[in-house]
C-alpha cells in the first residue's frame, strides 16, 4: 500500500527519536551519583519503560488503522470516536482511586494562586492540572480530526513528531547537554519528515523552472 520511501522515512524518524531518547537517558545516568548496582537497576527500569512506550505506540498505530476502517464504514464522526475512546476507559481509573485521592489532597494543600484576568484564587497545582487538561484536549481533539482527513500512517507520524518536539523542549528547558548525537537524531527526524511529505517532488520541478527562467528571458 505504501511506497518504500514511506517506510524508509518512518524508519528514519523512529531512529532519530530513539537516538535522542537513548542519549538523553545515558546522560542522566552518568550525571547521577548511583552506584553500579543501583545504576543497573535504573537502566533496567528505563528499558522496561521504553518497551512499554514502544508497545503503546504500536497499539496506537493499530487503533488508527481500526479507526480508519470505522470511518470508511460508518462515516467520519471524530467527536463520537473521541468520546467513546475516553469514556470506556474511565472505569479503569477506579483501580487507582486511593492514589488519585492522595494526590488530590496534595494538590489542595499547594500554595494559592490567583488566576489572571478572572481573579479566581485556587491551589496552584489545580491550576496547572486545569491548564494541562485544556492543552491535552486541544491536542487530542486535533488528532481525532486528523484521523478523519488523513491516513493512519500520517496521523502516527504527526503524533510521533509531536513527541519528538516535546523531547527536544524538555532537553532545552532542563538545560541538558545537546550533544552531537542529539543533532544526528534531529537530522534523522528532519530528513525522514521531508521524505514522507515528498518535499523533493515539489522542490525539484520548482528549481527546474527557476533555472530555465534566465534562458527564457
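The values are calculated or read from the model by the stated rules, or taken from the named source; none is laboratory data. Remember, it's a predicted structure, so these values are computed and weren't measured experimentally. All Cβ positions, glycine included, derive from the backbone under ideal geometry; neighbour counts span all protein chains shown.
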Report yes if some residue within region 129-147 is at pLDDT below 85 and within 27 Å of residue 20 (Cα to Cα); otherwise report no.
-> no
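For region 87-106, state whether one or more residues are surrounded by 14 or more Cβ atoms within 10 Å (Cβ to Cβ), within 23 Å of the chain's Cα centre (by Cα), over 14 Å from residue 147 (Cβ atoms) and modelled with pLDDT under 95. Working first, answer last.
Within region 87-106, the subset surrounded by 14 or more Cβ atoms within 10 Å (Cβ to Cβ) is none.
No, there is no match, as no residue in region 87-106 is surrounded by 14 or more Cβ atoms within 10 Å (Cβ to Cβ), within 23 Å of the chain's Cα centre (by Cα), over 14 Å from residue 147 (Cβ atoms) and modelled with pLDDT under 95.
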With the first residue restricted to region 118-129 and required to be over 12 Å from residue 106 (Cα atoms), and the second required to be in a helix (DSSP H, G or I), Cβ contacts under 7 Å at 6 or more apart or on different chains are 129/107
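Taking the conditions exactly as written (in a helix (DSSP H, G or I), more than 24 Å from residue 147 (Cβ to Cβ) and either at pLDDT 80 or above or touching a helix residue (DSSP H, G or I) at 6+ places or on another chain (Cβ under 7 Å) (or both)), does residue 8 satisfy them or not?
Details: in a helix (DSSP H, G or I): yes; more than 24 Å from residue 147 (Cβ to Cβ): no; either at pLDDT 80 or above or touching a helix residue (DSSP H, G or I) at 6+ places or on another chain (Cβ under 7 Å) (or both): yes.
The answer is no for residue 8.
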Take region 144-155 and flag every residue that is out of contact with any helix residue (DSSP H, G or I) (no Cβ under 6 Å at 6 or more places or on another chain) and either closer than 14 Å to residue 78 by Cα or not in a helix (DSSP H, G or I) (or both).
-> 149, 150, 151
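So which residues in region 164-176 are part of a helix (DSSP H, G or I) and over 17 Å from residue 191 (Cα atoms), if there are any at all? Don't jump to the end; show me each part of the working.
Initial filter on region 164-176 (part of a helix (DSSP H, G or I)): 164-173.
Answer for region 164-176, where residues must be part of a helix (DSSP H, G or I) and over 17 Å from residue 191 (Cα atoms): 166, 167, 169, 170, 171, 172, 173.
Results for (1) in a helix (DSSP H, G or I); (2) surrounded by 15 or more Cβ atoms within 10 Å (Cβ to Cβ); (3) at pLDDT 80 or above, shown as yes or no for each residue.
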{"residue": "117", "(1), (2), (3)": "no, no, yes"}
{"residue": "157", "(1), (2), (3)": "yes, yes, no"}
{"residue": "188", "(1), (2), (3)": "yes, yes, yes"}
{"residue": "205", "(1), (2), (3)": "yes, no, no"}
{"residue": "214", "(1), (2), (3)": "yes, no, no"}
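May I ask you to say which residue of 171, 145 is surrounded by 14 or more Cβ atoms within 10 Å (Cβ to Cβ), in contact (Cβ under 8 Å) with a residue 24 or more places away in the chain and more than 26 Å from residue 198 (Cα to Cα)? Outline the logic, then answer.
Details: 145 fails: more than 26 Å from residue 198 (Cα to Cα).
None of the others qualify; the one that does is 171.
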Check off (1) assigned to a helix (DSSP H, G or I); (2) in contact with a strand residue (DSSP E or B) (Cβ under 6 Å, 6 or more places away or on another chain) for residue 110 and give me the number that stays unchecked.
-> (1)
Going by the structure shown, is residue 3 within 20 Å of residue 171 (Cβ to Cβ), at pLDDT below 80, over 23 Å from the mean Cα position of the chain (by Cα) and surrounded by fewer than 15 Cβ atoms within 10 Å (Cβ to Cβ)?
-> no
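Name the residue that is farthest from residue 144 (Cα to Cα), counting only residues in region 75-84 that are in a helix (DSSP H, G or I) and either free of Cβ contacts under 8 Å to residues at least 24 places away in the same chain or in contact with a helix residue (DSSP H, G or I) (Cβ under 7 Å, 6 or more places away or on another chain) (or both). Explain how you work it out, then say what you get.
First, pick out the residues of region 75-84 that are in a helix (DSSP H, G or I): 78-84.
Adding the requirement that they be either free of Cβ contacts under 8 Å to residues at least 24 places away in the same chain or in contact with a helix residue (DSSP H, G or I) (Cβ under 7 Å, 6 or more places away or on another chain) (or both) leaves 78, 80-84.
Working: 78: 6, 80: 10, 81: 8, 82: 7, 83: 10, 84: 12 Å.
In this case the residue turns out to be 84.
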